Amino acid sequence: MSTVNAMSLPRPVLLNSQPVNQQVYRHLRKEIVECVIPPGLLLSEKETANRFGVSRQPVREAFIKLAESGLVEIRPQRGTLVRRISVRQVNDGRFIRSAIECATARRAAENVTPEDLAALELLLNQQKLAAQNQNAMEFLALDDQFHQKIAEIAGCPMAWETIENIKAAMDRVRFLTLREVSPPAGLIIQHYRIFDALASGNPDEAEAAIRSHLLLLRNTIVPVDQQNPDWFEHEE
């Protein structure tokens, strides 16, 4: 089993205004989701601390949070293993996310204002620009902001907080599928269907549009699994 040479990766710039452990966590999470740090490799606590120019304590705390997200497995005296993508976690997360977002979409359709629609349309325009520039991570971030805004319109920001805590495995699949399986152009079309349903104030249409959108993940995991079999694990 290989160990990532953390010092070969770019050294992130940390901000004095934010907790160090949270910044380390966010950087590592992004690199794992993007598969810059691929599944099945070991992370060294010491090398990671040297890379970030910090003590080992914030790195240890970041590893613990990554483990809670299901992205790594901490192995005492051996290192921290970047977990393979759990198909069960992806499917369970999609099921939970669909239940939550269908409910928030219905309420958002009842609560939406012209100002809310303008904010959603701005996000859609930004998504189109990110897609044109082939910036996958920016597109995924804007995708998240679109769904988060719907939860805010529904008056339930905690719904998105709950989704964020369970979607780490889904995010890895989302990044892999953007390359070939599920390009951004198709996702933007689906986002416009959600937008139109909200604009019409129809809860049934809003729920149906969200449900159809999230079903896409279930359909795309098979081809991306076939393309990267060593990156996935199938629990019995």
Quick check on the chain: helices-only [θ] at 222 nm, where DSSP H runs of length 4 and up contribute -39,500 (n - 2.57) each and the sum goes over total residues. Nearest 500, please. -22500 deg cm²/dmol
How much net charge surrounds residue 52 when only the other residues with a Cβ under 14 Å from the Cβ of residue 52 are counted, with Lys and Arg +1 and Asp and Glu -1? +4
Note down the relative contact order for the chain as a percent, whole number, built from C-alpha pairs under 8 angstrom at least six residues apart. 24
Cβ-based net charge around residue 127, under 14 Å, with every Lys or Arg adding one and every Asp or Glu removing one: 0
If I compute solvent accessible area with a 1.4 Å probe over the protein chains, what percent of it on the chain is carbon and sulfur? 50
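Listed highest first by mean packing, meaning other Cβ atoms within 10 Å per residue, what order do 13-19, 193-199 come in?
193-199, 13-19
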For labels at residue 158 and residue 113 in the simple 7 Å Cα→Cβ model, what's the distance in nm? 2.3
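Can you check what the net charge comes to around residue 64, using other residues whose Cβ is under 15 Å from the Cβ of residue 64 (Lys, Arg +1; Asp, Glu -1)? Present the calculation step by step, with values, prior to reporting the outcome.
Details: positive: 26, 29, 56, 60, 65, 75, 83; negative: 45, 61, 68, 73.
The answer is +3.
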Per-selection Rg to Rh, the stretch 177-229 - Cα, Kirkwood hydrodynamic radius: 1.10
Residue by residue through the stretch 195-205, the couplings from Karplus 6.51 cos²θ - 1.76 cosθ + 1.60 with θ = phi - 60°, in Hz, x for Gly and Pro, are 4, 5, 5, 5, 4, 7, x, 9, x, 5, 5
Global geometry of the stretch 70-182, whether rounded, prolate or oblate, following the gyration tensor of its Cα atoms and the 1.5 cut on a/c: oblate
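Only bridges with both residues in the chain count here: give the DSSP antiparallel percent, nearest 5.
Values: 6 of 9 bridges.
Of all bridge pairs located within the chain, approximately 65 percent are antiparallel.
May I ask you to order 79-90, 216-227, 51-62 by the average number of other C-beta atoms within 10 Å around their residues, highest value first?
79-90, 51-62, 216-227
For the stretch 5-93, with every protein chain kept in place, what is the accessible area per residue (1.4 Å probe, Å²)? Each step should come with its number before you reach the end.
On the way: 4580 Å² over 89 residues.
Here the per-residue accessible area is 51 Å².
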Could you list the square roots of 5 times each eigenvalue of the Cα gyration tensor of the stretch 16-112, that is, the equivalent ellipsoid semi-axes, sorted largest first and rounded to whole Å? 31, 18, 10
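With an 8 Å Cα cut-off and a minimum separation of 6 or more residues, compute the relative contact order for the stretch 30-142 in percent.
Reported relative contact order: 20 percent.
The values are calculated or read from the model by the stated rules, or taken from the named source; none is laboratory data. Keep in mind it's a predicted model, so treat the numbers as computed, not measured. Neighbour counts run over all protein chains shown; Cβ positions are idealised from the backbone, glycine included. We work out accessible area using only protein heavy atoms, side chains counted, and drop any ligands, DNA or RNA first. Shrake-Rupley method; radii C 1.70, N 1.55, O 1.52, S 1.80 Å.
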